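Engineer: Take this structure first; my questions come after.
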Amino acid sequence: MRKLDEALLPPALALAIALVVGDLLILSFGQSPGAVFAMLLEGTWGNAYGLGQTLYKATTLIATGLAVAIPLRAGLFNIGAESQLAAGGFAAALMGLAIPASLPWPVAAALCTVAAVVGGGLVGAIPGALKARFGASEVIVTIMLNFIVLALLNWIVASHLHVPESLHTPEIHSGGVPRFADFSAVFRGSAANVTLVGAIGVAIGAWWFLFRTRAGYELRAAGLQAEAARTGGVRLPRVWLVTMTLGGALAGLGGVNYVLGYKHYYEEGFGSGAGFLGIAVALVGRNHPVGVIFAALLFATLSQGGLAVNAVVPKQMMDVLQAVVILAVAVCVPEVRRVLQDAARRAVMRGTAAS
């Protein structure tokens, strides 16, 4: 019971602080907080279209949230989910263009999904390999890779794959997945698709991996106390490489939601910051796969809700609330504090050695 309280306290405290800040912001615009929040709920969970859009956005955030949460469990801070997400979406689009249109959609979708996993995993493996071989900071490497990978993909699309008068690839030949609107007319117009089911399944699989396998135990041991884990026989370089590769692969899955489930092509900037928002999802979800699902729904609600209340208050207010939640949780989450303290300690040691 005590562990449950400790797990729920930071997110609950963060939400309470965000509600107070939100009330003050709404009052500053001369509006009623109760009316605005009621409008937010009505525009997200209160109608089928809003619910569909919320679920669509949550699908990508589950993937990027897991991409950050799993490495954090190993004491690694993956800030590269943005580029890993883009690489996954790009790889899925390339596979969708390469395979014949006559291929049955389940087979085509599976091939595109594998391509997305490989694309994101390769980008995630780079910081993992550099840390395992040279001890390079995964924080710095993933930040730099965000710029490099996104610029490279944009150049490839603009120079070789774009449709005239646009900044996206041609539509995929095969591999699209059904939308919820194909099964129920009430979701008509929304982008929610069956990728959500896969994302939840992946989150459950991540829980099983973390808490029911030896590899997951070694990963968590490395994050709790790296030197003790090394003494116990855990090969830390291997754990770092596997964990960052896994994180990249999970982020790459998020690209499937857009490319296969929505637009059916890769487009510059399709993630709209979902990779960075995955950091917040992981923090609020306490780096637990089940917590990531609920945190993704929360941030998706705030994102879609910003559009619903834009008529009475600026939608940027929801960005402020998201930032408040992030800051409040970051202060309270021990895993984040430990990672930041370890990074600071290593930086001090390197500076002392250099001098």
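What follows draws every value from the coordinates through simple rules; no lab data is involved. Bear in mind that the values here come from a model prediction, so they are computed numbers and not experimental data. Using ideal geometry, Cβ is built from the backbone for each residue, glycine included, and neighbour counts are taken over all protein chains shown.
Engineer: Each label point is 7 Å from the Cα along the Cα-to-Cβ direction; what then is the distance between the points at E165 and L103, in nm?
Structural biologist: A separation of 3.1 nm, rounded to one decimal place.
Engineer: Rounded to the nearest 0.05, what FRET efficiency is calculated for W45 and R238 with R0 set to 45 Å and r the Cβ-Cβ distance? Before the final figure, lay out each step's value.
Structural biologist: Working: r = 43 Å, r/R0 = 0.97.
Given R0 = 45 Å and the Cβ-Cβ separation, E is 0.55.
Engineer: How about the range 129-222: which chymotrypsin sites (Phe, Trp or Tyr not before Pro) there are in a DSSP loop, with at most 11 other Cβ atoms within 10 Å of their Cβ?
Structural biologist: Working: sites: F134, F147, W155, F180, F183, F187, W207, W208, F209, F211, Y217; in loops: F183.
Passing sites in the range 129-222 are F183.
Engineer: Okay, moving on. Can you compute the modelled spin-label distance between F29 and I17, with each label point 7 Å from Cα toward Cβ, in nm?
Structural biologist: 2.2
Engineer: Quote to one decimal, in nm, the extra length available between L307 and W208 on full extension: 0.36 nm per residue of separation minus the C-alpha distance between them.
Structural biologist: Working: separation 99, 0.36 × 99 = 35.64 nm, distance 3.63 nm.
Full-extension gain reported as 32.0 nm.
Engineer: With each pseudo-label sitting 7 Å past Cα toward Cβ, what's the V320-D182 distance in nm, one decimal?
Structural biologist: Between V320 and D182, the label points sit 4.2 nm apart.
Engineer: Once you have the Cα-Cα distance between V290 and A151, take 0.36 nm times their residue separation minus that, and quote the gain in nm to one decimal. Intermediate values should be presented prior to the final figure.
Structural biologist: On the way: separation 139, 0.36 × 139 = 50.04 nm, distance 3.34 nm.
My answer for the length gained is 46.7 nm.
Engineer: Along the range 194-201, what does the Karplus equation 6.51 cos²θ - 1.76 cosθ + 1.60 (θ = phi - 60°) give for ³J(HN,Hα), rounded to whole Hz, x for Gly and Pro?
Structural biologist: 6, 4, 4, 4, x, 5, 5, x
Engineer: Between the range 6-85 and the range 286-326, how many Å separate their Cα centres?
Structural biologist: Going from one Cα centre to the other spans 3 Å.
Engineer: Of V329, H168, A136, which is farthest towards the positive pole of the chain's charge dipole, taken about the Cα centre with +1 and -1 on the beta-carbons of Lys, Arg and Asp, Glu respectively?
Structural biologist: Projecting each Cα onto the dipole axis, the largest value belongs to A136.
Engineer: Percent relative contact order of the chain, based on C-alpha pairs within less than 8 angstrom and at least six residues apart? Please report the intermediate quantities before stating the final value.
Structural biologist: On the way: 638 pairs, mean separation 120.1, N = 355.
Relative contact order here is 34 percent.
Engineer: Let me ask you something else. Residues with amide H under 5 Å of S32's amide H, sequence separation 5 or more or different chain, H placed in the peptide plane at 1.01 Å from N; which?
Structural biologist: The list, which skips near neighbours in sequence, is empty: none.
Engineer: With unit charges on the beta carbons (Lys and Arg positive, Asp and Glu negative) and the dipole taken about the Cα centre of the chain, which residue among Y258, F270, V242 sits farthest to the positive side?
Structural biologist: V242
Engineer: Just report the Cα centroid separation between the range 88-143 and the range 218-244, whole Å.
Structural biologist: 24
Engineer: Which far-off residues, 5 or more places away or on another chain, put their amide H under 5 Å from the one on N193, with H placed in the peptide plane?
Structural biologist: Placed amide hydrogens put F180 under 5 Å from N193.
Engineer: Further question on the same structure: With a ≥ b ≥ c the root eigenvalues of the C-alpha gyration tensor of the range 18-135, is it rounded (a/c under 1.5), prolate (a/b larger than b/c) or oblate? Mind showing how you got there, number by number?
Structural biologist: On the way: a/c = 3.77, a/b = 1.50, b/c = 2.52.
The shape class here is oblate.
Engineer: Say the dipole of the chain comes from +1 at the beta carbon of Lys and Arg and -1 at that of Asp and Glu; which of Q316, V21, F183 then lies farthest toward its positive end?
Structural biologist: Positive-end residue among those listed: V21.
Engineer: Let me know the charge dipole size of the range 56-349 about its Cα centre in debye, to the nearest 20, where only the beta-carbon of Lys, Arg (+1) and Asp, Glu (-1) is charged. Walk me through the numbers on the way to the answer.
Structural biologist: Numbers: 19 positive and 12 negative charges, 198 e Å.
That gives the range 56-349 a dipole magnitude of about 960 debye.
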